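Right, one structure below, let's go through it.
The values are calculated or read from the model by the stated rules, or taken from the named source; none is laboratory data. Just so you know, these numbers come straight off a predicted model, no measurement behind them. Note that each Cβ is placed from the backbone with ideal geometry, even for glycine, and that neighbours are counted across all protein chains shown. What goes into the accessible areas is simple: the full protein's heavy atoms, side chains included, and nothing from ligands, DNA or RNA. Shrake-Rupley method; radii C 1.70, N 1.55, O 1.52, S 1.80 Å.
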Amino acid sequence: MSVYSILSESSRKKFVVLIDPDKPTDDQIIEIVERSNEVGVDLFFVGGSLLTTDSLDNCIRLIKKHSDIPVLIFPGNSLQISKWCDGFLLLSLISGRNSEMLIGRHVIAAPYLKLYGNEIIPTGYMLIDSGRQTSVSYMSNTTPIPHDKDDIAMCTALAGEMLGLKVIYMDAGSGAINPISNEMIYKVKNTISIPLIVGGGINTVEKAAAAAKAGADIVVVGNVLEKNIDKLQEFADAVHNA
């Protein structure tokens with residue numbers, strides 16, 4: 001089964017655990033993975049805005065050793081490539097106007113992605129303002145879509161779908177103060193016909209459930225689980241039962 005078929009399967013919402021390879025120790029990664037096996041996590045995303053160690057391959061290989069849950073790279077830059085993953089979110093930052101993030105970095109990465117043979121999922125990546133500048137907005141040198149401009153978000157997502165992108169990923173950014181509003185999620189989902197991923201600032205079970213109920217097909221949680229892995233079951237249940 002392809003990873004995209006998992007993302008696009010619509011019988012229930014999908015819950016994703018995001019792991020930043022720089023942050024957890026090997027033992028912590030193994031704990032996260034084993035707990036994820038128990039609660040029915042659907043996918044792992046691996047990546048970060050800025051990696052300061054050579055830890056990406058090791059992180060993915062550890063996950064694959066201890067779990068059959070598919071692993072997708074959620075790249076912060078063109079260097080975050082690995083032959084060990086199950087798939088690669090090829091992000092085009094359609095919310096910004098930085099040509100490097102729309103196509104430039106992709107030209108550099110493309111030969112390696114072809115060589116490795118990863119499943120490629122063309123993804124329209126949209127940054128939404130979360131109340132403060134996040135690592136991804138700083139590193140990408142782009143301005144997020146204002147949190148209350150639902151019409152801009154809707155038209156941007158629709159344009160991405162019309163350009164042939166297979167998934168829309170709306171992100172408030174790692175460590176966001178505020179998650180994306182439920183109204184924006186609802187309006188974007190009802191404008192497009194491709195899967196909608198939502199992440200950033202989802203630091204409570206209630207926010208995860210609300211995002212799924214508003215229309216997110218895939219809900220991504222990361223930072224909060226690094227601090228409290230015991231909440232994993234509650235997050236998974238909240239998304240799957242939405």
Relative contact order %, the chain, counting alpha carbon pairs below 8 Å whose residues are six or more apart: 20
Virtual spin-label span in nm between residue 155 and residue 8, 7 Å along Cα→Cβ: 2.8
Accessible surface, the stretch 73-152, averaged per residue in Å² (probe 1.4 Å): 52
Amide H contacts of residue 93 (H built 1.01 Å from N, under 5 Å, at least 5 apart or other chain): 102, 125
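Per residue, how much accessible area does the stretch 20-63 have with a 1.4 Å probe, in Å²?
Numbers: 2000 Å² over 44 residues.
In whole numbers, the stretch 20-63 has 46 Å² accessible per residue.
Hey, what D do you get for the stretch 1-83 in µm²/s if you plug the Kirkwood alpha-carbon radius into Stokes-Einstein at 10 °C and 1.306 mPa s?
Details: Rh = 13.2 Å.
Diffusion coefficient, whole number: 120 µm²/s.
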Estimated inter-spin distance, residue 234 and residue 65, nm [label 7 Å along Cα→Cβ]: 3.2
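Based on DSSP H runs of at least 4 residues, each adding -39500 (n - 2.57), what is the mean residue ellipticity at 222 nm of the chain after dividing by all its residues, to the nearest 500 deg cm²/dmol? If you can, show how the numbers build up before the last one.
On the way: 10 runs with 94 residues, N = 242.
After summing the helix terms and dividing by the residues of the chain, the value is -11000 deg cm²/dmol.
Would you mind checking the pairs 64/213; 23/231; 13/65; 187/213; 189/227; 14/149 and listing those with alpha carbons more than 21 angstrom apart?
On the way: 64/213 31 Å; 23/231 18 Å; 13/65 26 Å; 187/213 12 Å; 189/227 30 Å; 14/149 26 Å.
Violating the 21 Å limit, Cα to Cα: 64/213; 13/65; 189/227; 14/149.
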Cut-off under 5 Å, modelled amide H: who pairs with residue 202 long-range: none
Pair residue 223, residue 106: separation of 7 Å Cα→Cβ label points (nm): 2.8
Positive dipole terminus of the chain, leading residue within 110, 163, 59 (C-beta point charges): 163
Carbon + sulfur, % of accessible area of the chain - ligands and nucleic acids excluded, 1.4 Å: 52
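Of all trypsin sites (Lys or Arg not before Pro) in the stretch 24-122, which ones are in loop regions per DSSP and have a Cβ with at most 12 other Cβ atoms within 10 Å?
Numbers: sites: 35, 61, 64, 65, 83, 97, 105, 114; in loops: 83, 97.
Here the trypsin sites (Lys or Arg not before Pro) that fit, given the DSSP loop and packing criteria, are 83, 97.
For the chain, what are the DSSP H helices with axial Cα length of 24 Å or more and mean Kyte-Doolittle hydropathy of at least -1.0?
On the way: long enough: none.
Length and hydropathy pass: none found.
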